[in-house]
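The values are calculated or read from the model by the stated rules, or taken from the named source; none is laboratory data. Nothing here was measured: the structure is a model prediction, and the numbers come from that model. Backbone-built Cβ (ideal geometry, glycine too); neighbour counts: all protein chains shown. Note: areas computed on protein heavy atoms with side chains; ligands, DNA, RNA excluded. Shrake-Rupley method; radii C 1.70, N 1.55, O 1.52, S 1.80 Å.
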Amino acid sequence: MSNLRKFEEATFDQDVLQAEGPVLVDFYADWCGPCKMMGPVIHEIAATFADRITVGELDVDANGAIAVRYGVMGIPTLGVFADGKLVDRLVGYPGPHGVKEFVERNIKPAEVL
């Protein structure tokens, strides 16, 4: 079962801006080749870091107003939201290692038991 969410304009404020903890949004389009390459990495991050960050996708073709609101000019773009604000972004696909590094620097540390 995937922990990957689908974000839409109608519920974006509630699902992303009002979320507890950081949220990673993958701004993508179905026709985008690099977006397709990043897809499996995003699914892996959603599973691996499920307890530390909410991960979801937003189709920019179907939800253009959100893309415009956050200045998404190229895809794929990853945005990290925290406390109702866009706090970091990554434009383009830097490969699996680059995506994981971006996410790791934007998540809270794991709880020490």
**Item:** Odd one out for Phe81 among (1) within 19 Å of Lys6 (Cβ to Cβ); (2) in contact with a Lys or Arg (Cβ under 8 Å, 6 or more places away or on another chain)
**Value:** (2)
**Fill in**
Only unsatisfied item for Ala62, checking (1) loosely packed, with under 15 Cβ neighbours inside 10 Å; (2) in contact (Cβ under 8 Å) with a residue 12 or more places away in the chain; (3) within 19 Å of Ile107 (Cβ to Cβ), is (3)
**Asked** Within the range 1-23, which residues are part of a strand (DSSP E or B) and touching a helix residue (DSSP H, G or I) at 6+ places or on another chain (Cβ under 6 Å)?
**Response** Val23
**Item:** Candidate set: the range 1-28, residues that are acidic (Asp, Glu) and in contact (Cβ under 8 Å) with a residue 40 or more places away in the chain; chosen: the one least open to solvent (accessible area, probe 1.4 Å)
**Value:** Asp26
**Asked** For the subset of the range 30-49 comprising residues that are of a type in the set (A, V, I, L, M, F, W, C) and either in contact with a Ser or Thr (Cβ under 8 Å, 6 or more places away or on another chain) or on the phi > 0 side of the Ramachandran plot (or both), which member is surrounded by the most Cβ atoms within 10 Å (Cβ to Cβ)?
**Response** Ala46
**Prompt:** Met73 passes all but one of (1) open to solvent by 70 Å² or more (accessible area, probe 1.4 Å); (2) closer than 16 Å to Ala19 by Cα; which number fails?
**Reply:** (2)
